[in-house]
1. Taking the Cα centre of the chain as origin, sum charge times position over the Cβ atoms of Lys and Arg (+1) and Asp and Glu (-1), and report the length of that vector in debye to the nearest 20.
2. Using helices alone, I'd like the mean residue ellipticity at 222 nm for the chain: each DSSP H run of four-plus residues gives -39500 (n - 2.57), total over residue count, nearest 500.
3. Which of the peptides 277-284, 31-38 is most tightly packed, and how do the rest follow, judged by the mean count of other Cβ atoms within 10 Å per residue?
4. Round to the nearest 0.05 the FRET efficiency obtained for Phe78 and Asp191 when R0 = 22 Å and r is the Cβ-Cβ distance.
5. Which of Pro79, Ala161, Val91 sits closest to the plus end of the dipole of the chain, meaning its Cα is farthest towards the positive end, when Lys and Arg get +1 and Asp and Glu get -1 on the C-beta?
6. So, in Å, what gap is there between the alpha-carbon centers of the stretch 247-300 and the stretch 88-150?
7. Share of antiparallel DSSP beta bridges in the stretch 59-331, in percent to the nearest 5?
8. Starting at the first residue of the stretch 220-230, write each ³J(HN,Hα) from the Karplus equation 6.51 cos²θ - 1.76 cosθ + 1.60 with θ = phi - 60°, in whole Hz, x for Gly and Pro.
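Just so you know, all these numbers are worked out from the coordinates, no wet-lab data involved. Here the structure is a predicted model, which means the values were calculated and not measured. Neighbour counts are summed over all protein chains in view; Cβ atoms, including those assigned to glycine, are modelled from backbone coordinates with ideal geometry.
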Amino acid sequence: MSLSWVMNPVCSIDQIIQKKAEERQSILTKPMGSLGKLETLAVQFATWQSTEKPRLDRVHISVFAADHGVAEEKVSAFPQVVTGEMVKNFVRGGAAISVLAKENDLDLEIVDVGVKNFKPIESVVNARVANATQNIVHFDAMDRQQLERALLAGKEAAERAKKNQAQLFIGGEMGIANTTSATAISCKLLDFLEIACLTGAGTGLDKKGIHHKVNQVRLILKRSGKVLGKRNDPLDILQVMGGFEIAALVGGFIRSAQLGLPVLVDGFITTAAALVAIKINEEMKHWMLFSHCSAEAGHIKILSALGVKPLVNLNMRLGEASGAATVVPLIRQALVLHNNMATFAEAGVST
């Protein structure tokens with residue numbers, strides 16, 4: 001097993017089609033810019049699909065689930081067993097992402113990359129790396145081989161999406177205590193010292209719980225500093241303080257961009273994974289669209305550090321890819337307008 005594939009270049013952007021799509025927007029029966037972000041969305045998808053009239057018929061969602069050893073430090077309002085219970089809820093169709101996927105005709109798969117004591121279910125993709133990561137307050141989250149396997153789980157998910165002719169890849173996550181891991185990763189990659197500003201309530205911690213969580217993140221960063229020294233390699237950071245599901249998201253995002261498959265990023269956890277992917281290859285950003293601004297405290301700061309703006313702010317913080325799924329109808333409307341509005345010439349409207 002090797003990580004060499006991670007460093008392969010992403011697909012190039014079709015700038016000729018981009019210009020043509022922009023030209024089409026300029027002659028549709030409306031003042032230029034009057035549809036705001038809907039116009040830029042349409043141009044983006046035209047560019048990604050290399051066609052003047054893009055479509056969004058097939059959307060693939062992979063929700064990666066895994067447990068975290070750091071849950072031992074009581075950094076979540078929910079017990080660790082909830083990870084496995086929620087995976088079963090996904091399968092039964094009772095979770096938010098399950099409902100949204102069904103309602104919007106989105107392809108949904110659940111991938112087990114390390115749910116603790118979870119018995120295989122036929123409808124769940126088995127890509128298990130281990131029973132859970134280690135407690136990152138005291139140990140590295142995973143070894144190098146485990147990192148490779150977790151990244152591969154994401155790579156294979158993106159390849160399944162491409163094989164099934166998906167036009168958009170969405171990564172989701174489920175893992176009790178994974179906001180702690182994502183916070184530590186983000187602080188390290190951004191060299192962010194104000195830990196409390198990036199640390200949120202996660203599953204619903206009160207002020208006392210958040211304060212405790214901040215202290216645990218501080219311990220994680222202190223330990224990682226000793227282990228990593230001056231090294232700031234994103235893969236090393238992912239290995240030391242990541243989660244199997246976060247690593248799988250990184251692998252899925254990277255492989256999607258290599259395949260020319262755009263990525264719709266969900267909330268705080270997935271944006272931390274996107275940050276890792278972009279730190280590996282800055283060109284990744286050209287294939288990413290950020291769906292919403294989470295109510296989780298640190299999300300807006302990571303988005304700002306990346307220099308990106310999310311499409312909406314619905315004050316959501318559920319995860320599961322639910323925020324991204326909610327935005328899909330908006331994107332579809334943008335493409336319908338771009339494709340089906342009349343031009344000034346077609347409508348006989350004076351300019």
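1. 460
2. -15500 deg cm²/dmol
3. For the peptides 277-284, 31-38, the packing ranking is 277-284, 31-38.
4. Here the calculated transfer efficiency is 0.10.
5. Pro79
6. Spelled out, the Cα-based centre of one part sits 18 Å from the other.
7. Looking only at bridges with both residues in the stretch 59-331, the antiparallel portion is about 0 percent.
8. 4, 5, 5, 5, 5, x, 5, 6, 8, x, 8
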